[in-house]
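Working notes, beginning with the structure itself.
The values are calculated or read from the model by the stated rules, or taken from the named source; none is laboratory data. It should be emphasised that the depicted structure is a prediction, and the values quoted were computed from it without experimental measurement. Note: ideal-geometry Cβ built from the backbone for every residue, glycine included; neighbour counts use all protein chains shown.
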Amino acid sequence: MPQDDAAAFEFRYKLQIFAVATPRLAVAKASGSDCSMLVHSVYFWLKPELTAEQRAAFRKGVESLGGIKSLAGFHVGSPAGTERRPVIDSSYDVALVTIFKDLAAHDTYQVDPIHLAFIETCRQYWAKFQVYDSE
């Protein structure tokens, strides 16, 4: 387990996300019921000319999305230090992974004032983004 406070916090947070998502999927699959959980993953490529302050402002904006009530899980990260392999795309700057109990919760997130404010405030910082939604 990581020793410093920030790493320990991040570890516990990721474990909580895993704890929320995994049992729900396992129970749904074991019972044969519909598993309607939705995972919304967004990858951002920031403009290369951004200053450190602008990058920090963007990160703070992404982290503000964690305050949206319809979320079941939330994670913000950057490319992992895994071994470079041809199948890994680590060209992005910031990853956002959100988990929702269903499509309706996702749709609520999309129109939440916090999400809309993030788009308005932070769109100036990204050069590109890519979304992957999965059930």
Problem - Test set (1) over 21 Å from Gln124 (Cβ atoms); (2) out of contact with any Asp or Glu (no Cβ under 8 Å at 6 or more places or on another chain); (3) of a type outside the set (D, E, K, R) - Gly61 fails condition number - result: (1)
Handout entry: Conditions (1) in a helix (DSSP H, G or I); (2) surrounded by fewer than 16 Cβ atoms within 10 Å (Cβ to Cβ); (3) aromatic (Phe, Trp, Tyr); (4) at pLDDT 95 or above: number failed by Phe9
Key = (4)
Completion exercise
Taking the range 94-104 and the residues there that are out of contact with any Phe, Trp or Tyr (no Cβ under 6 Å at 6 or more places or on another chain) and either buried (at least 20 other Cβ atoms within 10 Å of the Cβ) or among the acidic types (Asp, Glu) (or both), the one that is farthest from Leu71 (Cα to Cα) would be Leu96
Practice task
Would you check if there is a residue in the range 118-133 being under 19 Å from Leu46 (Cβ atoms), of a type in the set (Gly, Ala, Ser) and surrounded by 13 or more Cβ atoms within 10 Å (Cβ to Cβ)?
Solution key: no
Practice task
Kindly indicate whether Ser64 is part of a loop (DSSP other than H, G, I, E, B), at pLDDT 95 or above, surrounded by 12 or more Cβ atoms within 10 Å (Cβ to Cβ) and among the hydroxyl-bearing types (Ser, Thr, Tyr).
Solution key: no
